[in-house]
Amino acid sequence: MSLFDDHNDLPGKTPDSSEHQPLATRMRPRSLDEFKGQKHLVGEGKMLYRMIRSGVIGSLIFYGPPSSGKTTLAHVISREIDARFEIINAVLDGLKELRNVVAKAEYQKKANGKKTILFVDEIHRWNRAQQDALLPHLESGIITLVGATTENPFYSLVSPLLSRCQLFELNPLTRDDVREMINDALADSARGLGYMNIELKEDAKEHFSEYAGGDIRNALNALEVAALTTNKSKNGAVKITLDIAKESIQKRNVRYDGTGDEHYHYASAFIKSMRGSDPDAALYWMSAMLEGGEDPAFIFRRMLIFSSEDIGMADPYALTVINGSHEAFTKTGMPEGLYFLAHAAIFLALSPKSNSTAAIFETISEIQKRGVKEVPAHLRDKTANKLAARYLDSANASDDYKYPHEHERHWVFQHYLPDELQEKRWFRGGSEGREATLLKRLEEIKKGKTKR
């Protein structure tokens, strides 16, 4: 159904003014002037601002983290251009609901020429066929799509849909954005808390703004709880102190989506911090993931990969440390398991670094491009060579193999690569940690300079 039918525009009859709705719902911006944040999109003179003011709106995709204002901005656009507004939730609704919206849109366009904006929340949840079903209706102009997604649209949306829409990326709301909305709610008597005599201490306001983590809904609803549960003073004022604010919003909101882009951004920052040998940053980003609800098993998997990819031969013991930390974690669980996570992350950040194990990818690439060359005769299986020699009445080529353990320092010069690849080198050892010691030993052996 349309959220903005004509009867909703009558004085005192807007859905926002319902006393039963939470403060965050009542204070939802109704116009571009009331909208907070995203100045890079809706600031005066910006592209989306000009589109809205001109009334020339094509189909749009809003891409950004939760609580960044995607749904609210879609509401604002529909009001600003006086269009009908329909909502489909991609998690709950499918092609049947889409057909119903299209049918109503066609009727309204014929009846009064009114445009219909279809807002599809979490549009990335629709499969290819469902997304493709939108295309003919966008082409005909029956509906104007505003899709919202928390996932990278270039991965989650089909190319034909992207080519018909303009993409706008929304940023997380800032602490100042939240503060502005709190001030508006305190001043608005019709929809907000302006009818109450509220004295909100500055440190309490700062706490609401900071702990909301950019989520205006979280901050406003906490403010309303504080206002409605605090006894009035003798002069009738509701004094909200820092202690009351702390009771109303006790846990800081961490903006983290375990399956969306934030998941990969945080994980990337964690890995790059360890690679950069910064234990404080590694702990910070790991803590951010944990506070956002990340599975510790995912973090251990990433550290296990890191121990070979970025430390490798510089300290082969890293693999043992991570495996041991993970095993200890599984035996104890949380919160004591935090020690093992920290132990592993700090160890990896402080360890010497080497990426020489990446040589495996170069050797695989060599084989994929040029195929596998013939195994040199002296490296072939001795038993197989013996049979071949018997039937061909020739010498056993394996007899030419030199057994390293029979030589000084268990090393002897001989070729191990195919003849065509004798000059190839894929492994390039690093100069850090244990790897440098191992390479030095090898070079000394080859030069015959190592003492017994």
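I'd like the full set of residues that are assigned to a loop (DSSP other than H, G, I, E, B) and either among the basic types (Lys, Arg) or assigned by TED's automatic domain parsing to the domain that holds residue 311 (or both), limited to the stretch 418-446.
424, 425, 428
Mind telling me which of the residues 427, 413 ends up being at pLDDT 80 or above and aromatic (Phe, Trp, Tyr)?
One residue alone meets the criteria, 413.
Residues are listed down the side, and each one gets a yes or a no for (1) touching a Leu at 6+ places or on another chain (Cβ under 6 Å); (2) free of Cβ contacts under 8 Å to residues at least 40 places away in the same chain; (3) not assigned by TED's automatic domain parsing to the domain that holds residue 127:
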| position | (1), (2), (3) |
| --- | --- |
| 42 | yes, yes, no |
| 55 | no, yes, no |
| 77 | no, no, no |
| 81 | no, yes, no |
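Given the conditions (1) surrounded by fewer than 21 Cβ atoms within 10 Å (Cβ to Cβ); (2) more than 20 Å from residue 72 (Cα to Cα), which single one is not true for residue 157?
(1)
Only one residue in 200, 145, 162 is in contact with a strand residue (DSSP E or B) (Cβ under 6 Å, 6 or more places away or on another chain) and under 30 Å from residue 98 (Cβ atoms), so which one is that?
Answer to the selection: 145.
Can residue 173 be described as in a helix (DSSP H, G or I), of a type in the set (A, V, I, L, M) and surrounded by 21 or more Cβ atoms within 10 Å (Cβ to Cβ)? Outline the logic, then answer.
Numbers: in a helix (DSSP H, G or I): no; of a type in the set (A, V, I, L, M): yes; surrounded by 21 or more Cβ atoms within 10 Å (Cβ to Cβ): yes.
Judged against the criteria, residue 173 is not a match.
Looking at (1) of a type outside the set (Phe, Trp, Tyr); (2) farther than 19 Å from residue 171 by Cα; (3) outside any helix (DSSP H, G or I), which one does residue 51 not meet, given that it meets all the others?
Failed condition: (3).
Scanning for something of a type in the set (D, E, K, R) and in contact with a strand residue (DSSP E or B) (Cβ under 8 Å, 6 or more places away or on another chain), does the stretch 179-194 turn up at least one residue?
No, every residue in the stretch 179-194 fails to be of a type in the set (D, E, K, R) and in contact with a strand residue (DSSP E or B) (Cβ under 8 Å, 6 or more places away or on another chain).
Among the candidates 221, 152, single out the residue that is surrounded by 15 or more Cβ atoms within 10 Å (Cβ to Cβ) and touching a helix residue (DSSP H, G or I) at 6+ places or on another chain (Cβ under 8 Å). I'd like the intermediate steps shown before the answer.
Working: 152 fails: surrounded by 15 or more Cβ atoms within 10 Å (Cβ to Cβ).
That would be 221, the only listed residue that is surrounded by 15 or more Cβ atoms within 10 Å (Cβ to Cβ) and touching a helix residue (DSSP H, G or I) at 6+ places or on another chain (Cβ under 8 Å).
Looking at the stretch 131-157, which of its residues are assigned to a loop (DSSP other than H, G, I, E, B) and touching a Pro at 6+ places or on another chain (Cβ under 7 Å)?
Hit for the stretch 131-157 is 150, nothing else.
Among the residues of the stretch 19-53 satisfying the criterion of being small (Gly, Ala, Ser) and in contact with a helix residue (DSSP H, G or I) (Cβ under 8 Å, 6 or more places away or on another chain), which is farthest from residue 226 (Cα to Cα)?
43
Taking residue 160 and the conditions (1) in a helix (DSSP H, G or I); (2) farther than 30 Å from residue 292 by Cα; (3) touching a helix residue (DSSP H, G or I) at 6+ places or on another chain (Cβ under 9 Å); (4) at pLDDT below 90, which numbered condition does it fall short on, given that it satisfies the others?
(4)
Residue under question is residue 390, and the condition is that it be more than 30 Å from residue 350 (Cα to Cα), at pLDDT below 70 and part of a loop (DSSP other than H, G, I, E, B); does it hold?
Working: more than 30 Å from residue 350 (Cα to Cα): yes; at pLDDT below 70: yes; part of a loop (DSSP other than H, G, I, E, B): no.
In short, no.
With in a loop (DSSP other than H, G, I, E, B) and either within 19 Å of residue 214 (Cα to Cα) or assigned by TED's automatic domain parsing to the domain that holds residue 135 (or both) as the only criterion, which of 85, 62, 35 stands out?
Just a single option satisfies the conditions, and that option is 35.
Do any helices (runs of 4 or more DSSP H) entirely within the stretch 300-386 hold 1 or more residues that are more than 24 Å from residue 269 (Cα to Cα) and either free of Cβ contacts under 8 Å to residues at least 12 places away in the same chain or aromatic (Phe, Trp, Tyr) (or both), and if so, which? Steps first, please.
Values: elements: 317-332, 337-350, 359-370.
Hits in the stretch 300-386: 317-332, 359-370.
Within the stretch 236-249, how many residues are farther than 8 Å from residue 204 by Cβ and either in contact (Cβ under 8 Å) with a residue 12 or more places away in the chain or in contact with a Ser or Thr (Cβ under 9 Å, 6 or more places away or on another chain) (or both)?
Looking only at that region, the number is 8.
What tally of residues in the stretch 292-307 results from selecting those that are surrounded by 14 or more Cβ atoms within 10 Å (Cβ to Cβ) and under 25 Å from residue 213 (Cβ atoms)?
Total meeting the criteria: 5.
Confirm whether residue 107 is in the same structural domain as residue 159 (by TED's automatic domain parsing), in contact (Cβ under 8 Å) with a residue 24 or more places away in the chain, more than 17 Å from residue 32 (Cα to Cα) and hydroxyl-bearing (Ser, Thr, Tyr).
On the way: in the same structural domain as residue 159 (by TED's automatic domain parsing): yes; in contact (Cβ under 8 Å) with a residue 24 or more places away in the chain: no; more than 17 Å from residue 32 (Cα to Cα): yes; hydroxyl-bearing (Ser, Thr, Tyr): yes.
In short, no.
The values are calculated or read from the model by the stated rules, or taken from the named source; none is laboratory data. In this text the structure is predicted, and so the values were computed from the model without any measurement. Note that each Cβ is placed from the backbone with ideal geometry, even for glycine, and that neighbours are counted across all protein chains shown.
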